[in-house]
Amino acid sequence: VVVGAGGFGREVYRYVLDCLAVGSLRAHTVGFADDRPEALDGFGVGPLLGSPREVAWEDYDAVIAVGDPHTREELASLISDEGGRLVTLVHPTAYVAPGSVLGDGVIVGPFAFVSTDVTLGEGTVLNTYASVGHDCRVGDHVVLSPYAVLNGNCQVGARTFLGTHATVTPGRNVGQDVKIAAGSVVMRDVPDGSLAIGNPAKSRVMYPR
Ligand SMILES: CC(C)(COP(=O)(O)OP(=O)(O)OC[C@H]1O[C@@H](n2cnc3c(N)ncnc32)[C@H](O)[C@@H]1OP(=O)(O)O)[C@@H](O)C(=O)NCCC(=O)NCCS
């Protein structure tokens, strides 16, 4: 079940079909869960099983296709508590180095790159062309938007969001609950709960949790 039937959900649905086609994933049927009954109207994909709160998760595996880290975390808890399993999805065009460790519910999208000796926490997403360099330690429910880059030896805390084309230079520590604005270049460590914007990125605490 693809959880989230918005644009990202319909993308992830295609990734699931791509994985089924090459045999890296097995499933009998693929459907969606979303609070909005009309979310898939006019798109020619489905079925929509209902709200994530209504699905009998003990019978299903889930891929969470929502881009907000906090919502990803809440949905992961809901699904795990109800006995569902979070599928780790690696698109056939992605590169994942042997020896890297991917948590449950990780999505590695088309043309994304995971280098050697990387750890990605539960529910973390690498959108298209995102890249994680060697020895990075990435926490749970982190979201790398398309073309976001973590260079080698970075650490990233839970629920941090990197906008599209954000770059973190080697060895930086980025805290938890951080937002890095699209196109920003992080040259210094970023404290928990900060918004980092610009090149070089300036950080200010915005999202204490
Ligand atoms: C950082 C971000 C979250 C801020 O969003 P927001 O809270 O709605 O803030 P606003 O758009 O009102 O912008 C606030 C200020 O920051 C500036 N700013 C916002 N994003 C910026 C960016 N990427 N680079 C430089 N400056 C930026 C704005 O110009 C504005 O400046 P001003 O106050 O002088 O006018 C958002 O701009 C962003 O980068 N989101 C990432 C989007 C993305 O990559 N999505 C991926 C989808 S797959």
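No lab work stands behind these numbers, since they all come straight from the coordinates. Being a predicted model, the structure only gives us computed values, none of them experimental. Cβ placement follows ideal geometry from the backbone for every residue including glycine, while neighbour counts extend to all protein chains displayed.
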Which residues' amide hydrogens lie under 5 Å from the amide hydrogen of G123, considering only partners 5 or more residues apart or on another chain, with H built in the peptide plane? D104, G105, V106, H141
Residue separation times 0.36 nm, minus the C-alpha to C-alpha distance between D41 and A182: what's the value? 47.7 nm
Let me see the P(r) profile for segment 1-99: every Cα-Cα distance counted, bins of 10 Å, each bin given as a percent of all pairs. 16, 49, 31, 4, 0
Taking the Cα centre of the chain as origin, sum charge times position over the Cβ atoms of Lys and Arg (+1) and Asp and Glu (-1), and report the length of that vector in debye to the nearest 20. 860
Chymotrypsin sites (Phe, Trp or Tyr not before Pro) within segment 1-84: DSSP coil, no more than 16 neighbouring Cβ in 10 Å: F43
State the extension gain, in nm to one decimal, for the chain segment bounded by T116 and V205, taking 0.36 nm per residue of separation less the distance between their alpha-carbons. 28.8 nm
Between 0 and 90 degrees, rounded to the nearest ten: what's the tilt of helix 69-81 against the longest Cα principal axis of the chain? 40
Would you mind calculating the gained length between T169 and L17 on full extension (0.36 nm times residue separation, minus the Cα-Cα distance), in nm to one decimal? 51.3 nm
With n ≥ 4 as the cut-off for DSSP H runs, can you work out [θ] at 222 nm for the chain, using -39500 (n - 2.57) per run divided by the number of residues, rounded to the nearest 500? -4500 deg cm²/dmol
Loop-located trypsin sites (Lys or Arg not before Pro) in segment 1-75 whose Cβ has at most 12 other Cβ within 10 Å (DSSP): R26, R53
Note the angle between two axes, namely the Cα long axis of helix 7-22 and the longest principal axis of the Cα atoms of the chain, as a number of degrees from 0 to 90, rounded to the nearest 10. 70
Pairs of Cα atoms under 8 Å, at least six residues apart: use those to get the relative contact order of the chain, whole percent. 11
Which whole number of Å³ per residue matches the convex hull of the alpha-carbon atoms in the chain? 108
For the D104, H134 Cβ pair and Förster radius 22 Å, calculated FRET efficiency rounded to 0.05 is 0.45
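Run the dipole for segment 64-167 about the Cα centre, Lys and Arg Cβ at +1, Asp and Glu Cβ at -1, nothing else charged, and hand back the magnitude in debye, nearest 20.
280
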